[in-house]
1. Hey, fewest Cβ within 10 Å first, where do Ile456, Ile469 land in order?
2. Contour minus end-to-end for Thr596 and Ala303, with contour as 0.36 nm per residue of separation and end-to-end as the Cα-Cα distance?
3. FRET efficiency for Leu139 and Arg181, Cβ-Cβ distance as r, R0 = 41 Å, nearest 0.05?
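What follows is calculated from the coordinates using simple rules that are stated; it is not laboratory data. Worth saying up front: this structure is predicted, and the values here are computed from it rather than measured. Note: ideal-geometry Cβ built from the backbone for every residue, glycine included; neighbour counts use all protein chains shown.
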Amino acid sequence: MTFWWLLLGVLLAWNVAGLLFRSSESPVATLPYSVFVEQVKHDNIAVVRIVGSKIGGTFLQPVSWPPAQAAAGQTQGAHEASPPAPGKSGKQAANPATKEPLRKPPEGWPFAPTSPLKPADYEAFLTTFPETVGDPRLLPLLEAHGVQITAEQPHKPWLFTLFMNILPFALIMVFFWWMGRRAMNQQSSIFNIRNSNARRFDSEQARETFADVAGADSAKQQLQEEVDFLRHPARYHALGARIPRGVLLSGLPGTGKTLMARAVAGEAGVPFFSISGSEFVEMFVGVGASRVRDVFRQAKQAAPAILFIDELDAVGRRRGAGLGTVNDEREQTLNQMLVEMDGFDPREKVIVIAATNRPDVLDPALLRPGRFDRQVLVELPDAAGREGILRIHTRRIRLSEDVDLGVIAGVTIGMSGAQLASLCNEAALIAAHDGHDRVQHADFEGALDKLVLGDIRPLALDEKTRRVIAYHEGGHALVAWLIPEADTVHKVTIIPHGQALGVTEQRPGADRYNLPRSYLLARMAVLLGGRVAEELVMGEVTTGAGNDLLEATRLARHMVTAWGMSKLGPATYQSDSADRFLGYELGRERDYSETTAAAIDREVSRLLDERYRAVTALLERARSKLDRLAAHLLAHEVANNTQLNRLLGPRPRSPHGGSGAGRGSDAAPPIAACRKTQPAFQGHAAGGQ
């Protein structure tokens, strides 16, 4: 590249020298146009060159310009250049040695006797053609006196000429420079492929603290020990204590695992290295292991520091799958990670924090003591935690006085921190769209409906289809209203939302941590209510209940195989979820016989049949209420809790003093929506609960 830049400099210097040091021309006199005409008339012009408005040429006899100044005391003023005497050729002109002018200057000559210009003899001249006035007699005059005429286009400025001369070479040089840089970057990326892409955040950049994290008090309390170790390591080393070097954060998506890790770094005031587990694995063998070594080396050099590995299951899955080929590169990367964590000096001030949504699929070697020997569960927030999260995400939002974050926290049961952040932002967007000065409670209601039910979509439906949807959603709502153990119905609508043609929204009254059998049976009955109402009123069934039947069947199978809520007794017949995920179940024998499998199928069918018959009897007894609700939906399209209370009467109370306990690991969503979905292809229902 140095050679090309040197060549460009030489070309540039050559062009500049050619323009600046061109051969000098003979002195040129700048004449008035009238003097030029007089010289032509007296046959003292040999050649003229017309370039635009400029006229130049040569004299036959040199002309003194400006004219010689008069002697002191004379009143004639300065002399002007005079043509040869009339009737004589230029060669017969007066002898210049006599110093006698050919013609006296006219009165009012602009050059005063005190003019600093000194007379000189010129063989060439330059004048300006009066373009605005014009002189049609010029060319005939020149031809009559035998003057040789040359006409040219105006010359371009020398800077423009220089630019046009250099531009092609500059473009060529820029092209070669760009190609060279591109080749160097590609070569550099090939040689640096083994380096990790870990992003470093210093203490000034990692500004999150535990004050920015709400709804995870238990996790913060467990991580406080790690923060204290990074702040005061000597206190622990003096007692011979060994702080856990690996902390595994597990929990559902959106619960704030990454934010929790950044808060630990912000509280401790140490550098924070962040990398995803998928960034370790490449198609080249050995690259992942090299990147593991590189990122651990960076963390040790910056110690005390925190190394955060997001989505650890991408590289830390159990080695050796039960079906298919083995990913040797991923396993080598995992082996190197195990070695690096074992190779930590006990006094090394580096803590590895990893996050995953699937701790059940991790290799057991990662979870043994000495590696990720401390597991912190980041759970969904409770009511107080949700209110705290809402307060954090509404710091910069202008709220109206009617907004009660405690009320909003009470109706957002089961939402994660990420969902609550999206709720706040969506409410602000709705308020801005509607032209509100502040975000109102109605904006939060609209945002919650949009997140739970989906966007409203305009869809032209015929009257028969609307009637089917009204009775379908009315069946869901009426069954949930009449069964005390079911969740409270918040809203029923036949307005299409997302992929659903109609929606019945239920909201529990409190956080649920355990699900009794009565609640599960009530949930199953609500799911079947839409299908029963269609068959009872229309005399036929549609594909709209496809998603409801899928959820009801899944719930019944869980009751039989996982929770022991059937005649098969308190036994589980469900394989470990990790085995199903990794394919091990396909390579091992089933833990129960074919007879037991047939009994499981019979129990699932029995539970569904019992609920179906019970819902049918319930809706037959309350047919008048079903008709009223369907008529209201056809007329108004929406029915809220207050309108349902007026149409259906007071809701019966549970004989057990409430609707039962709540959310477990395999429970239905706390905010549930029974949807009548539109057929996607050849009658198959699309969408999900």
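1. Working: Ile456 14, Ile469 29.
Listing Ile456, Ile469 from fewest to most nearby Cβ atoms yields Ile456, Ile469.
2. Values: separation 293, 0.36 × 293 = 105.48 nm, distance 5.74 nm.
Length gained between Thr596 and Ala303: 99.7 nm.
3. On the way: r = 59 Å, r/R0 = 1.45.
So, using R0 = 41 Å, E works out to roughly 0.10.
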